[in-house]
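Every number in this text was worked out from the coordinates using simple rules, so none of it is lab data. Since we're looking at a predicted model, the values are computed, not measured. Cβ placement follows ideal geometry from the backbone for every residue including glycine, while neighbour counts extend to all protein chains displayed.
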Amino acid sequence: MARMSMREAISSALWEEMERDERVFIMGEEVGVWGGTYAVTKGFYDRFGEKRVRDTPIAEAAIVGGAIGAAMTGARPIAELMTINFAFVAMDHIVNEAAKLHYMFAGQIKLPLVIRTVSGAGRQLGATHSQTPDAIFAHFPGLKVVSPGTPADAKGLLKSAIRSEDPVLFIENATLYQVKGEVPEDKDYLEPLGKSKVQREGDDVTIVAYSKMVPAALEAAERLSAEGIEAEVVDLRSLRPLDMDPVVASFKRTNRAVIVEEGWRSYGVGSEVSARIYELAFDYVDAPVKRVAQAEVPLPYNARLEQLALPQIEDIYQAAKEVLYG
Amino acid sequence: MAELITMPKLGFDMAEGTLVRWLKAEGDPLVKGEVIAEIETDKATVEVESGYAGVMLRHLADEGADLPVNAPIAIVAEEGEALSDDEIDALLAGSGVKAPGKPVSEDEKAVQAAKKVEETLGDDQGEEKGETLAGGKRSSPLARRIAAEHEIALTKLEGSGPRGRIVKQDIEDYLAELRAEGREQEAETVGKTLQPLASFTAGEIPDDEVIAISRLRQAISRRMQDSFMNIPHFYLTRVYKTGALMRLRKELNQFLPDEEKLSVNDFIVKAVALALRQFPNLNASIEDDVHVRRHGRVNVGVAVAVEGGLMTVVCKDADQKPLRLIAREVREMASRARERKVKPEDIEGSTFSISNLGMFGIDEFAAIINPPEAAILAVSAVQDVPAVEDGELVIASQMKATISADHRVTDGAEAAEFMAVLAEYLEEPLKLLV
């Protein structure tokens, strides 16, 4: 185990996989000479050279389209989109090609492709650069959508994504890059794709979260614990496939749940998870499931308004109290 | 250009219908083919579709109104088109309907619009009129389940959740209370004992109740009275050996998905249809005093119990169709009948009917002929009974069926022969598969 930041964990996953398999290469804006917008690929260009760390034009459709072509012909590309907001430009490639080709050609085509991108808000980047549209991408069968909440999971899941034969959208969160945690150093340390994980145990209320909302939920759980309420925090880690087993198992004990996401509530991750709770554990429902999410507005630029619109630890704490009728 | 929508004629003998429900309010936009209202006839509830695109300008009938066929029920107009009262009068002039009262006021429209606004997020909305709470009290699904396991009536409890919602804790507290009082037995089986014997005082006996006869009931009443009074019925009952049929059904159902499993009745429909092919005189209708119409097609009607009455759905050309298709058609039509959503073609054109009360465990009964048909077969339950076979007492699977036939069209001997041919199919059911 080594203590490292989420940035270092992701960087080491990429480095190890590129060392392990020469078919793995990176392409994206400023990933090479500059070392990555978030400095994740610093030093990669010098070690692996311009063929395996390719700087591209500012053309997201070309980045994803090119990566799909490379994946179809045997390479294992990691395409980097600077933020998920720019993924909309590449939507057709992601949705109509990456998610479909394997199915439409009788499995003849494999797409061992990873698209790394950055989601989330809170850094005053304005309404168009601060979105958390993760649920949109999780809507499409054929595409795996992964979004870790801890450095260890980031490393283990990214390595699994790179080794996977399927297209994976790997969503990171810019405000988590500095977060530190214990990370296994084993070069074959893998976390399975499509498995939720209990990050904290408790018997009183189930808090479901992913990505940036995992540390927030854990923090809220500590506050609740000080009052004698033990929250179980389930980290989804993967939005598609969505693993409800730990959520349902937890809910059957607690009978109360709060679903937290950084994105908007309507048609969101919380909508899906709460619908499934009602479907899978109706007889265990003792209070309506609560969703904590972003206010339904294009996100304000003003720092205080921005924070007001985003889900806070206090909101999670309050929602937990509400479902407990406390 | 504004247009009138009129009460549609759904079926050849429909004279009037009830406007059950408007699905498009005044002012709602309309797409061609969208459902605007539900109409109830004596046979079914049918959806009326808009033949126009535009806006629902005015309702000309209230929900619940009985209207003759072709009476105007609504005015539709193009988007943005406004009609003066004179123009509406002119539109209605030819139809013999008076212009309805004043249009809905702006305030009322605003209230209606507000009512449609999507409920805000959050759990506890205000109680609506006529709202039904599961278990009779506000309670969580978990509380209801635990209460049911312990046979606790929720009405005995006070809920501690928001607005009196009974939650798990309340049930657990109640059970703990019982245990503390040494009523452990009761805690396990609360509510199992019978209620104390009620005293019979006159005040507590309900008064007589006069209820309206539904349109469906009226239709059944008319047809059955007409049939029973005017058709000279005679009845023949025969016992059928059903062992082979039950074994075959079990074998076939092993290969079929749950939703496609064959019922005993499906076999009977097929057997009856094949037997009828050999008895054109029983697949017939009285035409007039001097003619009988022998139908070319064998369309088997199956009586389906629906709320407040029964309907006969029709499996057309049942002699030509494989069992699985018969099963699917009858299942789908019966399901539509129970939902009062049958299509006119589901219930028209039967040439012979079957009434099956087997699923109710009925041992034997006779049915009333469904006019203008010549006969009906009443099918009873398949039962294991002691029987004598080759001089030995055995347990046999048997079923009784009774044919009611119109003596003007046929006689006992012919009907008996039909029942015998039916036995050849039912008792050697492989014949139904080829």
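How much net charge surrounds A:R276 when only other residues with a Cβ under 12 Å from its Cβ are counted (Lys, Arg +1; Asp, Glu -1)? Kindly include the intermediate steps, with their values, before the conclusion.
Values: positive: none; negative: A:D243, A:D245, A:E272, A:E279.
It works out to a net charge of -4.
Under 14 Å from the Cβ of B:A275, count the other residues' Cβ atoms, weight Lys and Arg +1, Asp and Glu -1, and hand me the total.
Values: positive: B:R238, B:K270, B:R277, B:K431; negative: B:D319, B:E414, B:E417, B:E424, B:E427, B:E428.
Cβ neighbours under 14 Å give a net charge of -2.
Taking 56 Å as R0, compute the FRET efficiency from the Cβ-Cβ separation of B:S160 and B:A65 and round it to 0.05. Spell out each step's value before the answer.
Details: r = 48 Å, r/R0 = 0.85.
So the FRET efficiency works out to roughly 0.70.
Calculate the mean, over all residues of peptide A:179-188, of how many other protein chain Cβ atoms lie within 10 angstrom of the residue's Cβ.
On the way: counts 0, 0, 0, 0, 0, 0, 0, 0, 0, 0.
The mean count of partner-chain Cβ atoms within 10 Å per residue comes to 0.
Compute the projected area of the convex hull of the Cα atoms of segment A:2-183, averaged over all viewing directions, and report it in nm² to one decimal place. Don't jump to the answer; show the numbers that get you there.
Working: hull surface 38.1 nm².
In nm², the orientation-averaged hull projection of segment A:2-183 is 9.5.
Please go through the residue pairs B:K24/B:K343; A:K252/B:K261; A:K195/B:K168 and name each one whose alpha carbons sit more than 26 Å apart in this structure. Don't skip to the answer; put the middle values down first.
Values: B:K24/B:K343 22 Å; A:K252/B:K261 35 Å; A:K195/B:K168 30 Å.
Pairs exceeding 26 Å: A:K252/B:K261; A:K195/B:K168.
Could you list B:D207, B:D89, B:D62 so that the one with the fewest beta carbons within 10 Å of its beta carbon is first and the one with the most is last? The partial results should precede the final answer.
Values: B:D207 4, B:D89 13, B:D62 9.
Sorted ascending by nearby Cβ count, the order is B:D207, B:D62, B:D89.
For the residue pair A:K252 and B:E332, what label-to-label distance in nm results when each label sits 7 Å from Cα along the Cα-to-beta-carbon direction?
3.8
Among rounded, prolate and oblate, which fits segment B:267-328 when a ≥ b ≥ c are the square roots of the eigenvalues of its C-alpha gyration tensor, a/c under 1.5 means rounded, and a/b larger than b/c means prolate? The partial results should precede the final answer.
Details: a/c = 2.82, a/b = 1.25, b/c = 2.25.
In terms of gyration-tensor shape, oblate.
Ranking request for peptides A:51-63, B:49-61: highest mean number of other beta-carbon atoms within 10 Å first, then the rest in descending order.
Working: A:51-63: 16.9, B:49-61: 19.5.
Highest to lowest by the protection proxy: B:49-61, A:51-63.
Given charges of +1 on the Cβ of Lys and Arg and -1 on the Cβ of Asp and Glu, with all other atoms neutral, how large is the dipole of segment B:272-339 about its Cα centre, in debye to the nearest 20?
380
With the cut-off at 1.5 for a/c, could you classify segment A:255-326 from its C-alpha gyration tensor as rounded, prolate or oblate? Could the numbers behind the result be given before it?
Working: a/c = 4.17, a/b = 1.77, b/c = 2.36.
Here segment A:255-326 falls in the oblate category.
So if the hydrodynamic radius of chain A is defined as the Kirkwood radius over C-alpha pairs, what does Stokes-Einstein give as its diffusion coefficient at 37 °C and 0.692 mPa s, in µm² per second? Provide the component values of the computation, followed by the final result.
Values: Rh = 20.0 Å.
Diffusion coefficient, whole number: 164 µm²/s.
For the protein assembly as shown, what is one quarter of the convex hull surface built on the Cα atoms, given in nm²?
Working: hull surface 201.5 nm².
Computing the convex hull of the Cα atoms and averaging its projections yields 50.4 nm².
Near A:D186, within a Cβ-to-Cβ distance under 15 Å, what is the net charge of the other residues, with Lys and Arg +1 and Asp and Glu -1? Could the numbers behind the result be given before it?
Values: positive: A:R20, A:K155, A:K159, A:R163, A:K187; negative: A:E16, A:E17, A:E19, A:D153, A:E182, A:E185, A:D188, A:E191.
Result for the local shell: -3.
Measuring from centroid to centroid over Cα atoms, what is the spacing of segment B:388-415 and segment B:34-64 in Å?
49
Report the per residue volume, in Å³, of the convex hull enclosing the C-alpha atoms of segment B:340-434.
Working: hull volume 14.9 nm³, N = 95.
Convex hull of Cα atoms, per residue: 156 Å³.
Are there chymotrypsin sites (Phe, Trp or Tyr not before Pro) in segment A:98-171 that DSSP marks as loop and that have at most 15 other Cβ atoms within 10 Å, and which are they?
Within segment A:98-171, the qualifying chymotrypsin sites (Phe, Trp or Tyr not before Pro) (loop, at most 15 other Cβ atoms within 10 Å) are A:F105.
Given +1 on the Cβ of Lys and Arg, -1 on the Cβ of Asp and Glu, and no further charges, what dipole in debye does the protein assembly as shown carry about its Cα centre, rounded to the nearest 20?
Working: 87 positive and 125 negative charges, 403 e Å.
Taking the Cα centre of the protein assembly as shown as origin, the dipole is about 1940 debye.
Using a 7 Å offset from the Cα along the Cα-to-Cβ direction at both B:I213 and B:K9, what is the distance between the two label points in nm, to one decimal?
That separation, rounded to one decimal, is 2.6 nm.
What is the fewest-to-most order of B:I205, B:I88 by other Cβ atoms lying within 10 Å of their Cβ?
Final ranking by Cβ density, sparse to dense: B:I205, B:I88.
Past the 17 angstrom mark, what percentage of all C-alpha to C-alpha distances in segment A:197-323 do you count?
Values: 4192 of 8001 pairs.
Above the 17 Å cut-off, segment A:197-323 has 52 percent of its Cα pairs.
Just the number, please: percent antiparallel of the DSSP beta bridges in the protein assembly as shown, rounded to the nearest 5.
Details: 65 of 106 bridges.
In the protein assembly as shown, DSSP labels about 60 percent of beta bridges as antiparallel.
Roughly speaking, what is the stretch gain from B:L310 to B:R277, that is 0.36 nm per residue apart minus the C-alpha to C-alpha distance, in nm to one decimal? Don't skip to the end; give the middle numbers.
Working: separation 33, 0.36 × 33 = 11.88 nm, distance 2.68 nm.
Here the segment from B:L310 to B:R277 would lengthen by 9.2 nm.
If you take the charge dipole of the protein assembly as shown about its Cα centre, with +1 on Lys and Arg Cβ and -1 on Asp and Glu Cβ, which of A:F25, B:F255, B:F365 is farthest toward its positive end?
Towards the positive end, the residue furthest out is A:F25.
Shielding by partners for B:164-170, please: the mean number of other protein chain Cβ atoms within 10 Å of each residue's Cβ.
Partner Cβ neighbours, averaged per residue: 3.
Ranking B:F255, A:F88 by Cβ neighbours within 10 Å, fewest first, what do you get?
Working: B:F255 8, A:F88 15.
The order, fewest Cβ neighbours first, is B:F255, A:F88.
If you place +1 on the Cβ of every Lys and Arg, -1 on the Cβ of every Asp and Glu, and leave all else neutral, what size is the dipole of segment A:197-323 about its Cα centre, to the nearest 20 Debye?
Working: 15 positive and 22 negative charges, 54 e Å.
So the dipole magnitude of segment A:197-323 works out to roughly 260 debye.
Roughly how crowded by other chains is peptide B:137-145, in terms of the mean Cβ count from those chains within 10 Å of each of its Cβ atoms? Display every interim value, and only then the final one.
Working: counts 0, 0, 1, 8, 8, 10, 3, 2, 5.
That works out to 4 on average.
At a threshold of 8 angstrom on Cα-Cα distance, excluding pairs fewer than six apart, so keeping six or more, what relative contact order does segment A:215-292 reach in percent?
On the way: 65 pairs, mean separation 23.0, N = 78.
Reported as a whole number, the value is 30 percent.
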